[in-house]
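Here, each number is a calculation from the coordinates, and none is a lab measurement. Small disclaimer: the values here were computed from a predicted structure and weren't measured. Here the Cβ positions follow ideal geometry from the backbone for every residue, glycine too, while neighbour counts run over all protein chains shown.
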Amino acid sequence: MGTCIITGAGSGIGRAAAVEIGKAGLFSHLVLIGRSAEKLAETRAQMETSSEVELCTYDLSDLSGIPELVKGIRERTGEIACLLNIAGYTDPQPLFTTSVENMEQTYRVNVFAPFLLIRECAKYMRTNADGAKILNVASTAGITPRPGWLSYASSKAAVISMSQTLTEELAEYGIRVYCISPGRCATALRRKLAPNEDQTKIMQPEEVGHIICELVSDSEKCLDGQNIIIRKKNL
Ligand SMILES: NC(=O)c1ccc[n+]([C@@H]2O[C@H](COP(=O)([O-])OP(=O)(O)OC[C@H]3O[C@@H](n4cnc5c(N)ncnc54)[C@H](OP(=O)(O)O)[C@@H]3O)[C@@H](O)[C@H]2O)c1
């Protein structure tokens, strides 16, 4: 059944995906990555699963450590079947206050870390008949203009493009690449983008987590290579 690595697993959509995937028993090992040990432990406490669960604190903006991180996971848990790039960062700024540091930090977490995780995991991914899966979380902000969110929106456009390119490049290894673009969803990151919003009236992380679980199940073989928009009809 293999190992599934989930970044951003300490909160929001990543936590919801971990809980749902754990319940479905899709993988023998689940590796939950986030910066906060407390938040990861809270996710673990919410999981009902027969899978082995490893909690892994790591700051994904430390790009140089990612190859060793993935190698260690491979050695401890076995063949990698799935990578979920869910972690995300934003510090929304209009153009005139957007700094190089703002662009760099956003791209480090949202684009460069997923790129490195994909590259390193692909080296160890299973090649049996079921193949392996990668799922990247982009955003509707990567598709339509978002004034004031330059670094975040452009980084998510990069995630969409990277996913589509790698879908074709990795097909020969039996690796499917999925890309989802959620609309507004009730999380801490969304609170930074829209501080005054009533989060009880928007999509909840569990709704996105459920769809992620469906996409990474072995029976789903049609929706890779597309930018899958997840947005409630009336929102
Ligand atoms: N909420 C929305 O409306 C919405 C819409 C479209 C797309 N998305 C995307 O959905 C994904 C999940 O975000 P969310 O909405 O669920 O918000 P969230 O609850 O704030 O989750 C963001 C996660 O990213 C992790 N993270 C941030 N910086 C990190 C770093 N340097 N190293 C490791 N982990 C880091 C955080 O983990 P720690 O705090 O433990 O480090 C946190 O668990 C993001 O990619 C986001 O862009 C969200």
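Return the whole-Å distance between the Cα centroid of the range 1-64 and the Cα centroid of the range 75-95.
So the separation of the two Cα centres works out to 11 Å.
What length, rounded to one decimal in nm, is gained on full extension from Asp62 through to Ser99, with 0.36 nm per residue of separation minus their alpha-carbon distance? Let's see the in-between values first.
Details: separation 37, 0.36 × 37 = 13.32 nm, distance 1.95 nm.
Residue separation times 0.36 nm, minus the Cα-Cα distance, leaves 11.4 nm.
Taking Cα pairs under 8 Å and at least six residues apart, what relative contact order does the range 102-235 come out at, in percent?
Reported relative contact order: 26 percent.
Based on other C-beta atoms within 10 Å, arrange Val100, Val159 from fewest to most. Mind dumping the intermediate values first?
Values: Val100 7, Val159 24.
Ordered from fewest to most neighbouring Cβ atoms within 10 Å, Val100, Val159 come out as Val100, Val159.
Over the range 1-144, what is the mean sequence separation of C-alpha contacts under 8 Å (at least six apart), divided by residue count, expressed as relative contact order in percent?
26
Can you work out the FRET efficiency for the pair Glu75 and Glu52, with r the C-beta to C-beta distance and R0 = 25 Å, to the nearest 0.05?
Working from the Cβ atoms, E equals 0.95.
Counting Lys and Arg as +1 and Asp and Glu as -1, each charge on the Cβ, what is the dipole of the range 8-138 about the Cα centre in debye, to the nearest 20?
For the range 8-138, the charge dipole is close to 280 debye.
Could you give me D for the chain, from Stokes-Einstein at 4 °C and 1.567 mPa s, where the hydrodynamic radius is the Kirkwood radius over C-alpha pairs? Units µm² s⁻¹, please.
73
Towards the positive end of the charge dipole of the chain, with charges on Cβ (+1 Lys, Arg; -1 Asp, Glu), say which of Gly65, Ala186, Ala17 has the farthest Cα.
Value: Ala186.
Under a straight-distance cross-link criterion of Cα-Cα below 19 Å, which lysines are reachable from Lys123, leaving out those fewer than 8 residues away in the same chain?
Straight-distance partners of Lys123: Lys71, Lys133.
Which value in deg cm²/dmol, rounded to the nearest 500, describes the helix-derived mean residue ellipticity at 222 nm for the chain, given -39,500 (n - 2.57) per DSSP H run of n ≥ 4 and division by the residue count? Could you put the intermediate results ahead of the total?
Working: 8 runs with 94 residues, N = 235.
Rounded to the nearest 500, the figure is -12500 deg cm²/dmol.
Describe numerically, in nm with one decimal, the distance between label points set 7 Å from Cα along Cα→Cβ at Glu220 and at Ser161.
Label at Glu220, label at Ser161, 2.6 nm between them.
Which of the lysines could a cross-linker bridge to Lys156, judged by Cα under 18 Å and excluding same-chain residues fewer than eight apart?
Filter leaves Lys192.
Work out, step by step, the length gained on full extension between Ile229 and Lys201: first 0.36 nm times the residue separation, then minus their alpha carbon distance; give nm to one decimal.
Fully extending the segment from Ile229 to Lys201 adds 8.2 nm.
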